[in-house]
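Undergrad: What follows is a single structure, and I will ask about it in a moment.
What follows is calculated from the coordinates using simple rules that are stated; it is not laboratory data. Remember, predicted model here, so these are calculated numbers, not experimental data. Glycine gets a Cβ as well: all are built from the backbone with ideal geometry, and neighbour counts include every protein chain shown.
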Amino acid sequence: MDARIRSAVRIKGPEAANVAPGRARFYVEADVTALIRGSGGVAQRIGYVVDLPLDQRGREPKLKKQRVLLFARAVANRPDQVQLANLDGQRAYSPELDALVRGIVRETIAGDAPPAITGVGNAFHVPGSLPGEGETQVFLQTAGGAPVSLQILRRPGEQPRWSVSLGDIVDESAGPPRPNTLLWYRLACGLPRQLPAGSIESDDPANAAIARQDYEIVLRALGPCA
């Protein structure tokens, strides 16, 4: 939701006993200006509880009239109340964050949305005809069984290049996913941190070692799941 805070009251006492140090709990009322994504609609004015950090002097943040993006779930039988999805379910609005959120929503509901990664299937490295030349392919397991694969190409005197293919046809020209896209998230947060030993299809220790190295190249390029 895109919303503007109408009022905020600090909650103290037993109802705030489990608040983390350096934070304070507030009951917020906000006017919803847009529902970016949701089911069943949302009230024009909503209330919710949020824990927010205090400044270095222990002062409360100024919340009134602040524009925010909210990530929340409905409260049963209370259409005017929501529960934030997590600790940072309230985010200060910015055009960049708004564009990121709307872009991910579009990707999520698209018919060709990349599936969640559940594991690694087979992986193998095939050396080329020249020293230092070869290709590694890693076939991924996904929710629903949709095919996803990684390709890492090595050429003499060049840095290894990798790409990801969605579908049965390997598309080496597709390249890696753009950061902060749904496909990037699926890979960065779904791939195991090491190539499972049982996935490597090779009796040659050298080829198996290159397959592991190429998998690590992909992980480094993706970066942490943040």
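Undergrad: Under the Kirkwood approximation applied to all pairs of distinct alpha-carbon atoms, what is the hydrodynamic radius of the range 163-226 in Å?
TA: Details: mean 1/r = 0.0770 Å⁻¹.
Radius from the Kirkwood sum: 13.0 Å.
Undergrad: Then there is this: Pairs of Cα atoms under 8 Å, at least six residues apart: use those to get the relative contact order of the range 116-226, whole percent.
TA: On the way: 202 pairs, mean separation 29.1, N = 111.
Reported as a whole number, the value is 26 percent.
Undergrad: I'm spelling it out carefully: the read-out is Cα extents along the principal axes in Å, the candidates are (i) 70, 40, 30; (ii) 50, 40, 35; (iii) 47, 40, 38, and one was derived from this structure. Which label?
TA: Answer by label: (i).
Undergrad: According to the Kirkwood expression over distinct Cα-Cα pairs, how big is the hydrodynamic radius of the range 1-86, in Å?
TA: On the way: mean 1/r = 0.0737 Å⁻¹.
One over the average 1/r among Cα pairs gives 13.6 Å for the range 1-86.
Undergrad: Which length gain, in nm to one decimal place, applies between ALA174 and GLU96 when the Cα-Cα distance is subtracted from 0.36 nm times their residue separation? Don't jump to the answer; show the numbers that get you there.
TA: Working: separation 78, 0.36 × 78 = 28.08 nm, distance 2.55 nm.
That pair, ALA174 and GLU96, stretches by 25.5 nm at full extension.
Undergrad: Now a separate question. Which value, in Å to one decimal place, does the Kirkwood hydrodynamic radius take for the range 117-222 when every pair of different Cα atoms is included? Could the numbers behind the result be given before it?
TA: Working: mean 1/r = 0.0719 Å⁻¹.
Computed over Cα pairs of the range 117-222, the Kirkwood hydrodynamic radius comes out at 13.9 Å.
Undergrad: A further question on this structure: Working out 0.36 nm times the residue gap between VAL126 and GLN44, then minus their Cα-Cα distance, what length gain in nm do you get to one decimal?
TA: On the way: separation 82, 0.36 × 82 = 29.52 nm, distance 5.90 nm.
Gain on stretching VAL126 to GLN44: 23.6 nm.
Undergrad: Please work out the C-alpha center-to-center distance from the range 133-181 to the range 13-74 and express it in whole Å.
TA: Value for the Cα centre distance between the two parts: 41 Å.
Undergrad: Let me ask you something else. Just add up the charged neighbours of ALA146: K/R +1, D/E -1, any other residue whose Cβ is under 14 Å from the Cβ of ALA146. Numbers along the way, then the final one.
TA: Values: positive: ARG186; negative: ASP112, ASP168.
Counting the neighbours of ALA146, the net charge comes to -1.
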